[in-house]
Amino acid sequence: MNSGHYLDWNNRPIPFKIYSDLTSRPLAANFPIPSMNAIKAIRGVINNKEKPVVTESNDVEIASNHNPKSISLTDISSLLFFSCGITRHMKYGSTSYYMRAASATGALYPIEVYLVCDSLTDKSLDAGVYHFNPGEFSLVPLRSGDYRNVLSSFAGNNVSISNSAISLVFTSDAWRNAWKYQSRSYRHWFWDAGVIIANLLAVGHSMDLNVRLTLDFIDDKVNNLLGLETHKEASIVIASLDHTLTSSNKKNGNRIQETTLSQDQTIVKPISHNIYPLSSREIFYPEIWKAYDSSKLLDNKEVASWSKIHHIDWMGKNQQLKENKQSNDFTRYYLAQDLIDYNSVTSIGKVILKRGSTRNFLNDSIPSKVLSSILLNSSQSCGNIPVDYKADNSGLIDYYILINSVEGLESGGYYLDKYSKCLEFLRKRPTKDFSGHLCLDQSLFADASAVIFLMADLGNVLGTLGNRGYRAAQLESGIIAGKIYLLSYACGIGASGSTFYDDEVTDFFCPNNKQMATMMAIGLGVPSYKSRSGTILPLRLTKNQMIGENSTVF
């Protein structure tokens, strides 16, 4: 706030990455809306049971009569649209604004998505490396050929990647978000990727797809495979997707076997294509790239070392956290078990179209069962975030909640005990608008019924996972935030993400543990307005429309 930084609207980055020298491949226009019940899809429930975590070392049978099928271009189109496609087109004056299926900090949409695949069995897409352009709703071919095993080799010969029909690589273009948030935007890379992945996990579950997330890869080699410009755009996470294989299918030899490539086979020639500039000028923030470079994995030896981190009892610190709080004499509020009826909730596809970022809350109370449903279904599904640095139902993130107005609950600060499924009252709020103060003195969050602060014990995380652990904690918080977003709209209320005063949040919730750090904050409440649902838009923007002065994103 004291830096003198201001928003130069004439230099605002365009919201699309556009290759001027490549021809795109249109995605399918007619794809189905994912129809699974939204809460079941978000939580990962199959026949009233939690979907097991699927790691690179095991595949899980969903049903004995399940027959795996090939992924089609229609499937890919649905996955990409409901994860990060354009769902709203609005016009103010002569300016067009395009909103997407998942939220983005500052509505700047820094995350790019790349597809690595073999030829589809229906011949609708050739093997290759592609960039997804949401403006054209198209795939832009960057490399020709099947690079799945090559990508797998950059991730320690990761079986999840080589065995999957497709892999999506999420990257961040640093300037697009740094235009507003400067160096702090590094953490936004993982928030914005995380909320997209939350959509992807839910939609993939609705489509009976396994999704596996890989953070363990040689950064520079993956960046080179995608043709990314150094210290401009960088890879964050790989999501591999495929239909579940049953034991009988494995015995019949339908499973792709692990392939170890020689060093010569993994040497990928650099590629360079002409890309329209995002702005007339860009500002370089060295702190962003210092954080990124200090957490890179440089070779297969480092990948192998990092990949050995499995079965860590991240939540084993739960007792230690309690001891570090002000008192062990807590008032406990057990979360309502009469949760929102699944049958009253619409499909995950419709919830994604309905979702937005609430701009005004009514400062009204919400029912305790709504808060309970959001907390339980998001926290209990944390074990179904299939990341490669763990192979159990643990997680890096703890929930702290500042409640303003929830029926049956005293206002103040709480800790969510996920084991006991209860809220532990920590302390009273010092002022009525304290939640707004913590969230950078924004009245929106003072009017929220509750604000959830997702926090991590960075001392424990960095001590185990090294500098790359910061990426993991931020990404996991982004995924959880995405689940909270979707659950809020499924339950009929609104939500919005926020930045915050880091040290003040820690001082309020964890005064005796300064290693606890806030990753992300999400306000929940009753919107003061009724917004229109998004739609499946038949947009095929031209390059001139995407780069024109009147084509921006909101």
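No lab work stands behind these numbers, since they all come straight from the coordinates. Just so it is clear, the model here is predicted, and its values are computed rather than measured. Ideal geometry is used to build each Cβ from the backbone, glycine not excepted, and the neighbour counts take in all protein chains shown.
Listing for the model above:
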| item | result |
| --- | --- |
| Rounded, prolate or oblate (a/c below 1.5 giving rounded, otherwise prolate when a/b exceeds b/c) for segment 315-525 by Cα gyration tensor | rounded |
| Electrostatic dipole magnitude of segment 380-456 [Cβ: Lys, Arg +1; Asp, Glu -1; Cα centre; debye, to 20] | 140 debye |
| Given Lys301/Lys390; Lys308/Lys483; Lys354/Lys418; Lys350/Lys530, the pairs whose alpha carbons are separated by over 22 Å | Lys308/Lys483; Lys354/Lys418 |
